[in-house]
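Okay, so here's the structure we're looking at.
No lab work stands behind these numbers, since they all come straight from the coordinates. Predicted, not measured: the structure shown is a model, and the values here were computed from it. Heads up, the Cβs are rebuilt from the backbone with ideal geometry, glycines too, and the neighbour counts pull from every protein chain shown.
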Number of protein chains: 2
Amino acid sequence: MSDTFHSTLPLPGDLASTIDTPALVVDLDAMDRNIAAMAAFARQRGVRLRPHAKMHKSAFVAKLQIAAGAVGVCVQKTSEAEALADAGIDDLYISNEVIDPAKLARIAALAKRVKMAIAVDSTLGIDRLAAAMRSAGAAIDVFVEIDVGQGRCGVEPARAGELARHVVAHGLHVAGLQAYHGGAQHLRTPARRREAIDHATAAVRTALANLAAAGIECPLVTGAGTGTFVLEAASGVWGELQCGSYAFLDRDYADNEPTSDVPAFEHALFVKSQVVSRGDTHAVIDAGHKSHAIDSGLPKVWGRNLIFENGGDEHGILRTRCDTLPELGESVWLVPGHCDPTINLHAYGVGVRGGLVDGLVEAVWRIDARGCVS
Amino acid sequence: MSDTFHSTLPLPGDLASTIDTPALVVDLDAMDRNIAAMAAFARQRGVRLRPHAKMHKSAFVAKLQIAAGAVGVCVQKTSEAEALADAGIDDLYISNEVIDPAKLARIAALAKRVKMAIAVDSTLGIDRLAAAMRSAGAAIDVFVEIDVGQGRCGVEPARAGELARHVVAHGLHVAGLQAYHGGAQHLRTPARRREAIDHATAAVRTALANLAAAGIECPLVTGAGTGTFVLEAASGVWGELQCGSYAFLDRDYADNEPTSDVPAFEHALFVKSQVVSRGDTHAVIDAGHKSHAIDSGLPKVWGRNLIFENGGDEHGILRTRCDTLPELGESVWLVPGHCDPTINLHAYGVGVRGGLVDGLVEAVWRIDARGCVS
């Protein structure tokens, strides 16, 4: 199929200043430091790292994470797993429930090609998963998801044993527990995050006791995110961290009050934009919420004292009280409120080395799983 | 390039009930009625219709609109124009400012292939546009954009003549005025919408007088959207309507109090989703804000008395007070808050005929300009 974007993509070696706008630009120096810091943390604490690829959706970044020590990546959707497997990632965990038999057949086909794992939280889901795997003659690691405070997917911890027995009865392998508290990641104070993860830890312990009572071994508890992973790593129950945002860091995470023992991650993800219209008291840039997600608030303007106002799908409006407004044609870099859905809006990532303004383009990569929602 | 989506796309003739989720599903019966109603309105009022393709981003829908009488379509971005030209649309108006010389060179190249128009609101933009067109030996229609109350792009109405003279001085053709009040579209009461468009009409009249004083003819005033087009059509100054959302209609437009003289547009755009996890008091579906935009609020659940709660990027959470919760695996159709950025999240549209539940898939089309933000 044709690709509308090829004509406007920069080439490695191009000046960063020539990147067409709006563009998803990654500061590779900052990203490398973030990836190394998280890998070092996991090594030092003796926990596995399986970063969540729902964030970056690209084999390019996943391979860097795996090269730094990650055991593989998580994804959230069947089509995301397919896209990353096609792009060369061979150890994938769908940390989410799949109930549709046609999708489960696709997952079984994938499991014949790469190492696959999946989460379950219902007997119907387990029945259908088992049927699909049996039909394909494929094997998969199964994590029983428990609700540790998010109130979304997952069974009550006291039902973990019952579900795990159902997995075993089908001849499938119980790989452990999926225990992720998404809502805890963006709680602003360390005290509130600790309270949430203390609650989650108690829930995991309940589930572990329940599994033990059912005679089921639990090889691994997997979960955690960029806002709380230090707590999960210190809990004594989680053996694998699923953090995603740390590699790029978004504006919303920067709003969390940090704890002292967390690696200092840096903003590495930007949307480069350009002023296309200029009034006396405002400038209009070519990036609106088709270029950056606004579910976690509006973007911040990088390195300038400018106020970003929502200008709709295609525009951003900049005002200032104590800075000069950028001129027509001038570049402006935005720090998106939320990495994951922002990246999902773009076809390619552009990696620069040596700074956003004066650096060079080093890599251009496809967002392999962009739009893979099914 | 590979296309991750092909394996999961339905074929024409498939049962609507078998469409993989989440999917962007269009009720073709409703869409056809919407397109016909707007075309009839424009014919009856003697105004041209140039629907905004930033909404649907697909040649499939644009061709239906043109077949019903539209003169062409508007787009908002250079890459959007390229994608639709590549897909067979030959009359395109970029109703927005472009300031980057490389983009203007691409527009000039496009103008050699198809009929092109563009908006301007600065002398720098006009200078660069003229240079690009001269260099390519191409012609383009130029609309001077005036700010009619939105406070975004466009010059003050009293500066229209000055800019138009600058266009003429470069040997370019002044095609008229771009006068769009985006902020007026979603004002809830008819009185507030009328007030906004009365203000916009006065601004257009000021600009027309200013053009006349400068000795510049104004062949056309173009603008209007789905929330206010009846007012612009009745104003006596607008000659072309740019409505986009009418073809699909989103939840937000349904929240406007209607006026009696507006065609009764129907919801035609849905995100089909599926329950993947089920608690005692909530159901979790596989559609979050990577499947539907939430800039204009959360989606509504179609045909059911269910409350949609934000479940994050990949999930929606359903609760109910007076309906039964859907079961695991059950399909749920959402009406997105805002068409435009929702469609931009999807690679394909799936058109069904004969109802969302019992109908058949009639067409599958590419969202040609998905992600074309540059």
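Here are the numbers for the structure shown:
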| item | result |
| --- | --- |
| Three-way shape label, chain B, alpha-carbon gyration tensor, a/c 1.5 | prolate |
| DSSP H segments from chain B that extend 24 Å or more along their own axis, Cα-based, with Kyte-Doolittle mean of -1.0 or above | B:28-45, B:190-213 |
| Region B:177-318, Cα convex hull volume normalised per residue, Å³ | 121 Å³ |
| Helical contribution to [θ] at 222 nm, DSSP H n ≥ 4, -39,500 (n - 2.57), averaged over chain B, rounded to 500 | -9000 deg cm²/dmol |
| For region B:28-247, with +1 on Lys and Arg beta carbons and -1 on Asp and Glu, the positive-most of B:V47, B:A169, B:A37 along the dipole | B:A37 |
| Chain A, relative contact order in percent, only Cα pairs under 8 angstrom and at least six apart counted | 22 percent |
| Neighbouring partner chain Cβ atoms per residue of A:276-282, average, 10 Å criterion | 6 |
| Within chain B, percent of DSSP bridges classed antiparallel, to nearest 5 | 50 percent |
| Fewest-first ranking of A:D91, A:D368, B:D358, B:D323, using other Cβ atoms within 10 Å as the exposure measure | B:D358, B:D323, A:D91, A:D368 |
| Order of B:E257, A:E240, B:E362 under a 10 Å beta carbon neighbour criterion, fewest first | B:E257, B:E362, A:E240 |
| Column: log10 I(q)/I(0), Debye, Cα scatterers of region B:28-247, q = 0.08, 0.10, 0.13 Å⁻¹ | -0.26, -0.41, -0.70 |
| Separation between Cα centres of region A:164-187 and region B:88-115, rounded to whole Å | 52 Å |
| Sorted by Cβ neighbour density within 10 Å, fewest at the top, the residues A:R321, B:R304, A:R134 | A:R321, A:R134, B:R304 |
| Value of relative contact order over region B:28-247, rounded to a whole percent, pairs C-alpha under 8 Å and six or more apart | 20 percent |
| Candidates A:T228, A:T201, A:T324, ranked by Gaussian network fluctuation over chain A, Cα under 10 Å, top entry | A:T324 |
| The protein assembly as shown - Debye-derived log10 I(q)/I(0), Cα point model, q = 0.08, 0.09, 0.10 Å⁻¹ | -0.65, -0.81, -0.99 |
| Cβ-vector label at 7 Å, B:G236, separations to other copies in nm | 8.3 |
| Average partner coverage of B:288-295, which counts Cβ from other chains inside 10 Å | 6 |
| Using a 7 Å Cα-to-Cβ projection, A:G215 label spacings across copies, nm, ascending | 10.0 |
| Antiparallel DSSP beta bridges within the protein assembly as shown, as percent of all bridges there, nearest 5 | 50 percent |
| Dipole moment magnitude, nearest 20 debye, region A:28-252 about Cα centre, only Lys, Arg, Asp, Glu C-beta charged | 220 debye |
| Choice from A:A213, A:A62, A:A268 with maximal GNM fluctuation in chain A (Cα, 10 Å cutoff) | A:A213 |
| Pseudo-label separations to other copies for A:C322 - Cα-to-Cβ vector, 7 Å, nm | 5.3 |
| Modelled label reach - B:E257, point 7 Å along Cα→Cβ, region B:290-312 residues with backbone N closer than 15 Å | none |
